Amino acid sequence: MNEAFAAYENVRHRLPAVTRGGACQRMAHLEAIADQIDVFLLDAFGVLNIGETAIEGVPARVARLQKAGKRVIVVSNAAGYPHADLMAKYARLGYDFAPEDVITSRKTILHGLRSEPARRWGLMANKALGRADLDGLDVTYLMDDPQPYDRAEAFLLLGSAIWTAARQDLLISSLRANPRPVYVGNPDIVAPRETGFSTEPGHFAHDLADATGIAPQFFGKPFGNIFDMAFDLLGGIDPNRTVMVGDSLHTDILGGQAAGIKTALISGYGFFGGHDVDGPIATSGIQPDFILDRP
């Protein structure tokens with residue numbers, strides 16, 4: 001956790017600025033703030049699930065919030081999985097979300113690409129997951145052959161599960177020789193899994209930015225584009241009764257604050273599970289409105 005937190009701090013110059021501080025009011029869980037909140041935006045990893053496992057008690061808690069008339073949507077930096085696969089996963093874990101109520105960074109970047117010119121894309125993703133949602137894009141999976149890197153007109157970073165140091169070196173070398181745009185569908189540096197943290201596309205995007213000077217275009221938390229999609233879906237909202245709930249200061253909390261809504265940090269699961277949050281909050285200056293022991 002300490003290494004991951006330091007990695008986020010090291011790239012603060014590429015993240016939104018802190019615009020306000022929260023009260024850091026400590027509460028037990030999501031239902032403890034329900035009388036103050038009408039709209040819940042929930043991160044996935046560290047809030048709904050850890051890896052492929054639902055956090056105990058959360059499916060029932062989310063169902064109670066939905067039954068009570070609360071608007072509950074998922075706002076997640078999940079770019080690697082096709083949307084249908086993600087919906088099947090949530091159903092398997094015991095959640096009942098409509099497809100339109102799951103807003104991911106994959107959705108966000110694909111929406112953004114609609115206004116971009118047609119290009120040959122070099123794609124960072126797991127080929128085994130298929131090309132669903134990528135219809136109409138000319139993509140070539142980046143593997144161990146350098147030629148697709150050099151032929152690409154731009155790069156699309158969606159998933160890093162099978163990315164390697166050798167492939168990262170090929171990408172950096174190609175970009176140094178011929179700078180081209182880099183679009184990042186998951187700004188996360190890490191994600192909490194059952195056995196620890198996985199390394200996510202954001203890590204590799206910041207690494208190549210440091211190595212090449214190319215400024216990646218990020219889609220997803222903490223950047224405003226994913227919140228714009230959520231607000232478009234929701235229509236008019238009261239920012240004072242809308243909360244972004246997540247386990248990461250630098251993506252969920254910083255992003256929610258920049259979007260002008262309330263924020264709730266999960267302290268007992270995900271990024272900070274087993275660690276104190278007071279020190280990181282003081283160091284980063286990112287102060288949530290609520291600190292919840294669990295989702």
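Among the residues of segment 243-260, is any touching a residue at least 24 places away in the same chain (Cβ under 8 Å) and either basic (Lys, Arg) or at positive phi (or both)? Within segment 243-260, not a single residue is touching a residue at least 24 places away in the same chain (Cβ under 8 Å) and either basic (Lys, Arg) or at positive phi (or both). Residue count for segment 139-167 under the criterion of being surrounded by 18 or more Cβ atoms within 10 Å (Cβ to Cβ), of a type outside the set (A, V, I, L, M) and under 22 Å from the mean Cα position of the chain (by Cα): the result is 4.
With respect to (1) over 30 Å from residue 164 (Cβ atoms); (2) without any contact (Cβ under 8 Å) to a residue 12 or more places away in the chain; (3) part of a helix (DSSP H, G or I), the lone exception for residue 210 is condition (1). I'd like to check something: does segment 119-126 contain any residue that is surrounded by 14 or more Cβ atoms within 10 Å (Cβ to Cβ), in contact with a Ser or Thr (Cβ under 8 Å, 6 or more places away or on another chain), within 24 Å of residue 196 (Cα to Cα) and outside the structural domain of residue 186 (by TED's automatic domain parsing)? Within segment 119-126 (the criterion being surrounded by 14 or more Cβ atoms within 10 Å (Cβ to Cβ), in contact with a Ser or Thr (Cβ under 8 Å, 6 or more places away or on another chain), within 24 Å of residue 196 (Cα to Cα) and outside the structural domain of residue 186 (by TED's automatic domain parsing)), the answer is no, since none of the residues qualifies. Does residue 40 fit the bill of being buried (at least 16 other Cβ atoms within 10 Å of the Cβ) and in a loop (DSSP other than H, G, I, E, B)? So residue 40 does not fit the description; no.
The single condition among (1) in a helix (DSSP H, G or I); (2) at pLDDT below 95 that residue 198 does not meet is (1). Here residue 183 meets the list (1) of a type outside the set (Gly, Ala, Ser); (2) closer than 30 Å to residue 133 by Cα; (3) not assigned by TED's automatic domain parsing to the domain that holds residue 77; (4) not in a strand (DSSP E or B) almost entirely, failing just condition (4).
Screening segment 12-22 for residues that are modelled with pLDDT of 95 or more and exposed (fewer than 11 other Cβ atoms within 10 Å of the Cβ) and picking the one that is nearest to residue 278 (Cα to Cα) gives 17. The set of residues in segment 78-130 that are aromatic (Phe, Trp, Tyr) and in a loop (DSSP other than H, G, I, E, B) comprises 81, 95, 97.
The values are calculated or read from the model by the stated rules, or taken from the named source; none is laboratory data. Given the structure is predicted, the values throughout are model-derived calculations rather than measurements. Positions of Cβ are generated from backbone atoms using ideal geometry, with glycine treated the same way; all protein chains shown enter the neighbour counts.
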